[in-house]
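Here's the structure we're looking at; comments come further down.
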Amino acid sequence: MLKRILPTAKDFIKEIVQSEDILVDATCGNGHDSSFLARLAPDGHVYSFDVQADAINNAKEKYSEPNISFIHDGHENISKYISSPVKAGIFNLGYLPGGDKSITTAYDTTITAVNELFNLLTPGGRIVIVVYHGHDSGKVERDMLIETLSAWPQDQAQVLQYQYINQKNSAPFLLVIEKLK
Ligand code: SAH
């Protein structure tokens with residue numbers, strides 16, 4: 001069977017990551033993705049961002065991989081914390097399931113962060129964005145991301161939309177950006 005969206009998001013990252021790579025989890029949330037990234041690059045490092053102290057603290061408690069730096073700050077400030085080349089990054093947009101639904105990612109800071117992360121990316125590196133668009137601000141974020149990324153120059157990046165089209169309208173989908181060599 002065709003894979004579901006979240007395992008596919010991980011596959012797009014797993015395909016290119018080597019053990020010593022530097023990786024970014026732009027939306028730490030419960031920390032599952034940070035832990036996944038940390039195990040993919042045991043000799044590398046993961047930088048994991050979230051604006052919610054609760055999320056960061058829970059993730060820290062749950063996951064003890066030594067190669068994760070949890071950062072309590074917005075992903076739009078990524079370049080304050082990272083200067084080394086990044087191989088891959090993941091965004092899980094929206095709000096934290098079971099958490100405060102009023103704290104969601106927002107299109108302007110998301111797009112700033114995607115740009116900043118792209119600047120740090122090594123050639124051949126990837127950014128995977130899981131887009132949740134069931135809520136109102138998620139629809140705006142979806143539209144703005146697609147509008148912005150559709151205009152990115154073909155000679156610098158490939159941008160893929162990966163989506164099931166016969167599921168319910170608000171089923172999450174992926175945007176995958178690969179920096180060209
Ligand atoms: N919708 C996903 C989970 C998203 S979690 C799912 O269903 O699995 C999104 C996380 O992004 C939340 O923990 C939230 O606190 C965080 N977040 C919101 N704005 C952010 C920002 N500017 N920088 C970093 N993290 C942010």
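The values are calculated or read from the model by the stated rules, or taken from the named source; none is laboratory data. Because the structure is predicted, anything quoted here is derived from the model rather than measured. In this analysis, Cβ positions are derived from the backbone assuming ideal geometry, glycine residues included, and neighbour counts consider all displayed protein chains. The area values use the complete protein model at the heavy-atom level, side chains included, leaving out ligands, DNA and RNA. Shrake-Rupley method; radii C 1.70, N 1.55, O 1.52, S 1.80 Å.
Data table
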item	result
Any hit, segment 147-158, residues being open to solvent by less than 40 Å² (accessible area, probe 1.4 Å) and within 16 Å of the ligand (Cβ to nearest atom)	no
Residues satisfying the stated conditions in segment 58-107, i.e. closer than 15 Å to ASP33 by Cβ, surrounded by fewer than 19 Cβ atoms within 10 Å (Cβ to Cβ) and touching a strand residue (DSSP E or B) at 6+ places or on another chain (Cβ under 8 Å)	LYS60, GLU65, ASN67, SER69
Matching residues in segment 80-97 - criterion: being more than 19 Å from LEU40 (Cβ to Cβ) and more than 15 Å from the chain's Cα centre (by Cα)	LYS80, TYR81, SER83, PRO97
PRO42 without any contact (Cβ under 8 Å) to a residue 12 or more places away in the chain and either surrounded by fewer than 24 Cβ atoms within 10 Å (Cβ to Cβ) or more than 13 Å from the chain's Cα centre (by Cα) (or both)	no
